[in-house]
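Everything on this sheet refers to the single structure shown next.
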Amino acid sequence: MPRTVITFGTFDVFHVGHLRVLERAAELGDRLVVGVSADALNERKKGRAPIFSQRERLAIVGALKVVDAVFVEESLEQKRDYVLEHGADVLVMGDDWAGKFDELGDVCEVVYLARTPAISTTAIIEHIADL
Ligand code: C2G
């Protein structure tokens, strides 16, 4: 049976930190499925729309060599449903979420990966705004 890995994120203003986490997630199995957060989820969570629309973010993430499938993540609370629906064996999250999804350990392995230092969407937006 192929081992399916699932991960989630906004992946707005796609950068190398995003690429690295997806590459490392893919190495943990045979197939990588990515939940890309909906525009509405971002607006609820961060109080602003992402720079790139969910359609654009899905297209970018879905085009990567290490990604086998993408879907829209409508709500943070539906992780268990998404894991079961996609038959995921491993849930990967960045360590900014460390401990937050341990309760899913009964349906899949839960792995938190270290973030790539010194790069973030917010820092890129601020840098460009200051030019
Ligand atoms: N990431 C990373 N290194 C960075 C920046 C981000 O490893 N320097 C990782 C994050 O830890 C995450 C992924 O890239 O695993 C996507 O990051 P975000 O787009 O910031 O995702 P976020 O808004 O935290 O996800 O269910 C989660 C939601 O979809 C929200």
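The values are calculated or read from the model by the stated rules, or taken from the named source; none is laboratory data. Given the structure is predicted, the values throughout are model-derived calculations rather than measurements. No Cβ is skipped: glycine too gets one built from the backbone with ideal geometry, and neighbour counts run over all protein chains shown. Note: accessible area is taken over every heavy atom of the protein model, side chains too, but ligands, DNA and RNA are not part of it. Shrake-Rupley method; radii C 1.70, N 1.55, O 1.52, S 1.80 Å.
The number of residues in segment 44-59 being part of a helix (DSSP H, G or I) and crowded, with 18+ Cβ neighbours inside 10 Å comes to 3. For residues in segment 2-43 being among the basic types (Lys, Arg) and within 12 Å of the ligand (Cβ to nearest atom), which is surrounded by the fewest Cβ atoms within 10 Å (Cβ to Cβ)? Checked segment 2-43; the qualifying residue surrounded by the fewest Cβ atoms within 10 Å (Cβ to Cβ) is ARG20.
Quick check on segment 72-121: of everything there that is among the polar types (S, T, N, Q) and within 18 Å of VAL36 (Cβ to Cβ), which residue is most open to solvent (accessible area, probe 1.4 Å)?
Our first condition is that a residue be among the polar types (S, T, N, Q); within segment 72-121, this holds for 75, 78, 116, 120-121.
Keeping just the survivors that are within 18 Å of VAL36 (Cβ to Cβ) gives 75, 78, 120-121.
Working: SER75: 20, GLN78: 62, SER120: 33, THR121: 22 Å².
So the residue we want is GLN78.
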